[in-house]
Amino acid sequence: MYNWAIWLVVLVPLANVLLELAWKPTLSYRTLVSSGHIVRMLELNSVFTPVYFLMLFASFLSYVLCVCFAYLDWKKLAAEGVVRPFHWGWAFLAQAVYVIGRSVVVRKVAQRGGLAPIWALIATTVLAVVVVGVKVAGMFPVVASPIPT
């Protein structure tokens, strides 16, 4: 009951994680004088690099592709004889909602298996959280350095 479309629903968002690794913002600061105090402030526009906008576009594209692949997966399941497969429209809410719902329905029909997409979804989510966590942890000392103690 697995087909290429469900695996793409699970794996397409990993492209965003790869772009996250490529994003290297240059943090610049501005010095301001406020009430006689000198204050260093992070310029927020310094994070808006071309890769940042590519990440925004890739996130939107990933969302659209997940919905399209969920539709194709739904059609394939119906063609394979699954009665009332989990509707692809749930993918509009979230990729995980469709993967979990689809896996539960397939498990009921197939009596065995059907949960591999959920395990792959968990693995990709953990990977994304770890990658983003490492990226943020690496940026934190640079951002926090001008904060007086």
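Taking only Cα atoms, what is the 0 to 90° angle, nearest 10, from helix 50-79's long axis to the longest principal axis of the chain? Roughly 10 degrees between the two axes.
Karplus-based coupling profile of the range 103-114, in residue order and whole Hz: 5, 5, 5, 5, 5, 5, 6, 7, 6, 9, x, x, with θ = phi - 60° in 6.51 cos²θ - 1.76 cosθ + 1.60 and x standing for Gly or Pro.
Extension gain, Val130 to His37: 0.36 nm times the residue separation minus the Cα-Cα distance gives 29.6 nm. Among Ile38, Ile6, Ile118, the order by Cβ neighbours within 10 angstrom, fewest to most, reads Ile38, Ile118, Ile6. Once backbone amide H atoms are built at 1.01 Å from N, Tyr29 has Glu43 as its partners under 5 Å, excluding neighbours fewer than 5 places away on the same chain. Dipole orientation for the chain: of the candidates His87, Ala110, Leu121, Ala110 has the Cα lying most toward the positive pole (charges on Cβ; Lys, Arg +1; Asp, Glu -1).
A simple charge model with +1 on the Cβ of Lys and Arg, -1 on the Cβ of Asp and Glu and nothing else charged puts the dipole of the chain at about 320 debye relative to its Cα centre.
Every number here is computed from the coordinates shown, using simple stated rules; none is lab data. Since the structure is predicted, the reported quantities are computational estimates derived from the model, not experimental observations. Note that each Cβ is placed from the backbone with ideal geometry, even for glycine, and that neighbours are counted across all protein chains shown.
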